[in-house]
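The values are calculated or read from the model by the stated rules, or taken from the named source; none is laboratory data. Please read all numbers here as calculations on a predicted model, not as lab measurements. A quick note on method: Cβ atoms are made from the backbone with ideal geometry, for glycine too, and the neighbour counts reach across all protein chains shown.
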Amino acid sequence: MKESYRPEWPSKTDYAIGICGAGGIVNDAHLPAYRKAGFRVDCIYDVDRSRAEETAARFEIPRVCDSLESLAEAVDIVDVAVPAWENGRVVEVLTEAGVGLLLQKPLAEDWQTALSTVERIRSAGLTAAVNQQMRWEPGVRSCRHLLSQGVLGALYDVAFQIYVDTPWHLWGWLSQKETIEVLYHSIHYLDAIRYLTGCEPHSIYCSGSRRPGYAAKGETRTCTHLTFPDDLRATVLCNHHVEWGRSGQQSEFRIDATDGMAVRQLGLLLNYPSGEPDALRYITRADGQWREATFEETWFPDAFVGPMTSLMRAMNGEILKPETDVEDNLHTLRLVFAAYESMQTGNAIDLRHPSWQI
Ligand SMILES: NC(=O)c1ccc[n+]([C@@H]2O[C@H](COP(=O)([O-])OP(=O)(O)OC[C@H]3O[C@@H](n4cnc5c(N)ncnc54)[C@H](O)[C@@H]3O)[C@@H](O)[C@H]2O)c1
């Protein structure tokens with residue numbers, strides 16, 4: 001179990017990385033993770049040069065670039081972490097440069113833009129991935145390992161139960177968005193569900209709302225249910241307004257299978273931003289005892305190494321495509337945008353319908 005959750009290490013990692021966007025997530029997660037991994041970050045660019053300069057000073061990045069073009073010319077990989085509505089414009093420049101590409105989630109804010117952005121990347125022949133780093137969250141990775149070893153039997157249920165107090169006000173622009181929770185938060189869980197189950201759902205139902213009186217356009221509470229072939233089901237239940245302290249909060253996912261189960265506490269979201277330790281407990285029929293696993297690494301920032309290692313492995317020719325390749329990501333975004341259609345219509349969406357085929 002111990003080693004099975006770590007990313008597979010690329011044979012070559014000394015690619016020159018350029019960072020596009022010097023915001024919160026780059027400072028809090030990308031760069032701390034890359035520093036731990038020993039990756040080589042050569043330059044940084046932000047439309048707000050002072051932000052790029054501050055980040056460069058903090059992480060000893062040798063060069064601050066004046067434009068995205070000059071950043072792309074100087075590196076092998078561009079790691080993009082800008083607001084999603086900027087991704088199309090950024091991709092336009094980067095496809096000309098022919099670099100390896102890692103884009104923050106969400107890749108796009110609507111389905112048509114997602115399709116055209118991926119088409120553009122595909123025609124340019126770039127190796128490109130999306131930063132769906134929850135797949136490298138140690139508990140998610142370990143659960144997948146237990147499932148693929150066969151010790152849990154057949155998986156029939158995955159459930160995320162997230163009752164937390166999310167400070168949405170920290171991202172002021174979010175309150176103006178018509179689509180909030182699924183596009184910016186549950187997207188992690190939907191991607192993780194695809195990874196854990198290893199298959200695509202047949203249908204999705206989603207109900208979204210807010211806490212009464214909460215001033216945001218989009219949804220901040222959601223219940224999403226996915227049906228798969230046979231008995232497999234998955235549910236994501238999120239309420240981001242649990243303001244009464246830790247006792248009322250819960251942040252975990254569970255997998256239930258015919259020969260065992262596992263429960264993972266995601267400490268990051270509890271008592272935010274202080275957080276709490278993670279925890280993973282599991283049982284298999286053959287063993288008959290509850291076991292606990294602990295990991296040195298956690299979701300933020302350690303899992304952020306995962307998408308970059310996977311991109312590098314693809315660039316090295318060790319794997320055909322990055323694990324979270326942009327085309328794979330369309331399958332996650334399809335769930336996100338089908339969830340919004342479900343919210344609007346009040347109906348479950350049949351994902352086998354030709355309009356949802358990729
Ligand atoms: N994977 C995750 O878990 C995770 C977590 C948080 C944020 N994100 C995503 O990361 C992205 C950035 O989030 P953040 O919280 O760091 O935002 P932020 O607002 O703190 O930072 C964004 C930065 O991008 C810069 N920027 C904007 N347009 C640009 C452009 N065209 N070229 C270069 N720089 C540009 C801004 O000046 C700013 O410094 C968002 O898409 C967000 O959804 C992902």
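Taking residues in the range 295-318 that are under 27 Å from GLY267 (Cβ atoms) and hydroxyl-bearing (Ser, Thr, Tyr), and partners anywhere that are at pLDDT 95 or above and surrounded by 23 or more Cβ atoms within 10 Å (Cβ to Cβ), the pairs with Cβ atoms closer than 6 Å and at least 6 places apart or on different chains are SER310/PRO322.
Taking the numbered list (1) within 16 Å of the ligand (Cβ to nearest atom); (2) assigned to a strand (DSSP E or B); (3) farther than 23 Å from ALA74 by Cβ in turn, LEU102 passes all entries but (3). Remark: LEU190 matches the filter, which requires a residue to be touching a residue at least 40 places away in the same chain (Cβ under 8 Å), in a helix (DSSP H, G or I), farther than 25 Å from MET312 by Cβ and in contact with a Ser or Thr (Cβ under 9 Å, 6 or more places away or on another chain).
Number of residues in the range 259-274 that are in a loop (DSSP other than H, G, I, E, B) and closer than 23 Å to VAL242 by Cβ: the value is 6. Taking each residue of the range 7-28 that is farther than 21 Å from MET315 by Cβ and looking for partners that are part of a loop (DSSP other than H, G, I, E, B) and more than 9 Å from the ligand (Cβ to nearest atom) with beta-carbon atoms closer than 8 Å, six or more apart or interchain, yields ASP28/PRO301. Among residues of the range 275-291 that are outside any strand (DSSP E or B), those with a beta-carbon under 6 Å from a residue that is small (Gly, Ala, Ser) at least six positions away or on a different chain give the pairs GLY275/GLY267; GLU276/GLY267; PRO277/GLY267; ASP278/GLY267; ARG285/GLY260.
Restricted to the range 39-81, and to residues that are more than 10 Å from the ligand (Cβ to nearest atom), acidic (Asp, Glu) and part of a loop (DSSP other than H, G, I, E, B), which residue is surrounded by the most Cβ atoms within 10 Å (Cβ to Cβ)? In this case the residue turns out to be ASP76. If you check ARG135, ARG144 for being charged (D, E, K, R), away from the ligand (no atom under 16 Å from the Cβ) and within 21 Å of the chain's Cα centre (by Cα), only one passes: ARG144. Among the residues making up the range 232-260, those that are in contact with a helix residue (DSSP H, G or I) (Cβ under 8 Å, 6 or more places away or on another chain), of a type in the set (A, V, I, L, M, F, W, C) and within 24 Å of GLY198 (Cβ to Cβ) are LEU232, ALA234, VAL236, CYS238, PHE253, ILE255, ALA257.
Specify the residue that is farthest from the ligand (Cβ to nearest atom); the eligible residues are those in the range 110-126 that are surrounded by fewer than 20 Cβ atoms within 10 Å (Cβ to Cβ) and within 18 Å of the chain's Cα centre (by Cα). First the steps, then the outcome.
Here is the first cut: in the range 110-126, the residues surrounded by fewer than 20 Cβ atoms within 10 Å (Cβ to Cβ) are 110-113, 115-116, 119-120, 122-126.
Still in the running and within 18 Å of the chain's Cα centre (by Cα): 110-111.
Numbers: ASP110: 14, TRP111: 17 Å.
Once the filter is applied, the top-ranked residue is TRP111.
The single residue among ASP231, ASP278, ASP256 that is touching a strand residue (DSSP E or B) at 6+ places or on another chain (Cβ under 7 Å), farther than 30 Å from ARG352 by Cβ and in the same structural domain as SER142 (by TED's automatic domain parsing) turns out to be ASP278. Could you please find all residues in the range 111-167 being within 21 Å of LEU232 (Cβ to Cβ) and hydroxyl-bearing (Ser, Thr, Tyr)? Answer for the range 111-167, where residues must be within 21 Å of LEU232 (Cβ to Cβ) and hydroxyl-bearing (Ser, Thr, Tyr): SER142, SER148, TYR156.
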